[in-house]
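The values are calculated or read from the model by the stated rules, or taken from the named source; none is laboratory data. Here the structure is a predicted model, which means the values were calculated and not measured. Methodologically, a virtual Cβ is constructed for each residue, glycine included, from the backbone with ideal geometry; neighbour enumeration extends over all protein chains shown.
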Amino acid sequence: MKNIVETILERRSVRRYERMAIEEEKKQLIYDAITTSPTSHNGQQFSVIAIEDQEIKEQIYELTKQKQIKTCALFMVFISDYHKMDVYAEAKGLKLQPIQQTLDGILVGAIDATIAMSNARIMAEGLGLGCCCIGYIRTAAPEELSRLLKLPEGTAIICGLTIGYPREIPDKRPKQEQSLFIHLNRYNDEGVAEKLEKYDDVIGRHNESHTLARYIPWSQQMVDYYEESIGKHTMAYFREQGFDIDKEPGL
Ligand SMILES: Cc1cc2nc3c(=O)[nH]c(=O)nc-3n(C[C@H](O)[C@H](O)[C@H](O)COP(=O)(O)O)c2cc1C
């Protein structure tokens, strides 16, 4: 087991894996990390589909085109989950307000699921495994994937995590300077444009010397990413799964 400081500070996304299964004890530790996550009001508004079945991984790859899903040993899909509570409320005759039809309810499920994913990732990386978060699981074809995974109403896909023994450890990706993340006492945007201009070039050169093999500045990647994101239909997907904020009381 690596120490926690090294585990967190040496993190990078790993997308290529050895074809090796993860030992049962390690998997159990990852599951334990998931179940001890802090959650909003201790409501535990999330759950996880753990996928080892190669055929299902291949089907998910076909829908998302994220290669690491078919080569990883374990693929986990983190979902926002109000279904559990709905089932229990019905069995107990409890009257529940439709919290999932509020923006805050949507955020709560997404935050609970994301914190659980982070816990799983840190545990896996501490155990010598490599991980990559997969947002495309929510954006590429969420309706088909929800059918494939048999997700009931009141659940929605938030993010995926591929886990496996690393075949290669890529160089760490440079990040923005710390003052752009951490403000002392109050928000301070002094010098943001100048600092980001420097970062643009750092990433441009990193892209040139790494997998993209071309000078593409960070801002160009962001322009492309935001443009691609505008075409997503995540709200429509959430509505289909029973998360309809147009019905939020007070709107
Ligand atoms: C919420 C989230 C979703 C992501 N989705 C994907 C994805 O679908 N495919 C992928 O290859 N990487 C994905 N990533 C990984 C990012 O591309 C990666 O974190 C980023 O490029 C920085 O690189 P680093 O993790 O090595 O520091 C995702 C990361 C996060 C946090």
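How many residues does segment 62-100 hold that are farther than 30 Å from Leu129 by Cβ and crowded, with 20+ Cβ neighbours inside 10 Å? Show your work before the answer.
Initially, segment 62-100 is screened for residues farther than 30 Å from Leu129 by Cβ, giving 82, 85-100.
Subset that is crowded, with 20+ Cβ neighbours inside 10 Å: 82, 100.
Qualifying residue count for the region: 2.
Residue pairs whose Cβ atoms lie under 6 Å apart, separated by 6 or more positions or on different chains, with the first residue in segment 56-77 and within 12 Å of Ile163 (Cβ to Cβ) and of a type in the set (Phe, Trp, Tyr) and the second at pLDDT 95 or above and within 13 Å of the ligand (Cβ to nearest atom), are Phe75/Ile69; Phe75/Thr162. Taking segment 219-251 as the range and being more than 21 Å from the chain's Cα centre (by Cα) and among the polar types (S, T, N, Q) as the test, the residues that pass are Ser219, Gln220. Return the residues of segment 38-60 that are of a type outside the set (A, V, I, L, M), more than 16 Å from the ligand (Cβ to nearest atom) and surrounded by 15 or more Cβ atoms within 10 Å (Cβ to Cβ); say none if nothing qualifies. Listed by number, the residues that qualify are Thr39, Ser40, Gly43, Gln44, Gln45, Ser47, Gln59. In the set Leu63, Leu107, Leu103, which member is more than 16 Å from the ligand (Cβ to nearest atom), out of contact with any strand residue (DSSP E or B) (no Cβ under 7 Å at 6 or more places or on another chain) and not charged (D, E, K, R)? Just a single option satisfies the conditions, and that option is Leu103. The residues of segment 123-152 that are touching a Ser or Thr at 6+ places or on another chain (Cβ under 7 Å) and either away from the ligand (no atom under 13 Å from the Cβ) or aromatic (Phe, Trp, Tyr) (or both), listed by number, are Gly126, Tyr136. Restricting attention to segment 168-189, which residues are away from the ligand (no atom under 16 Å from the Cβ), surrounded by 10 or more Cβ atoms within 10 Å (Cβ to Cβ) and in a loop (DSSP other than H, G, I, E, B)? Residues satisfying the conditions are His183, Asn188. Among the β-branched types (Val, Ile, Thr) and either away from the ligand (no atom under 11 Å from the Cβ) or closer than 30 Å to Ile99 by Cα (or both), is that true of Ile203? So Ile203 does not fit the description; no. Of all the listed residues (Thr211, Thr155), the sole one being surrounded by 12 or more Cβ atoms within 10 Å (Cβ to Cβ) and polar (S, T, N, Q) is Thr155. Annotation: of all residues in segment 4-21 being away from the ligand (no atom under 12 Å from the Cβ) and without any contact (Cβ under 8 Å) to a residue 40 or more places away in the chain, the one that is surrounded by the fewest Cβ atoms within 10 Å (Cβ to Cβ) is Val5.
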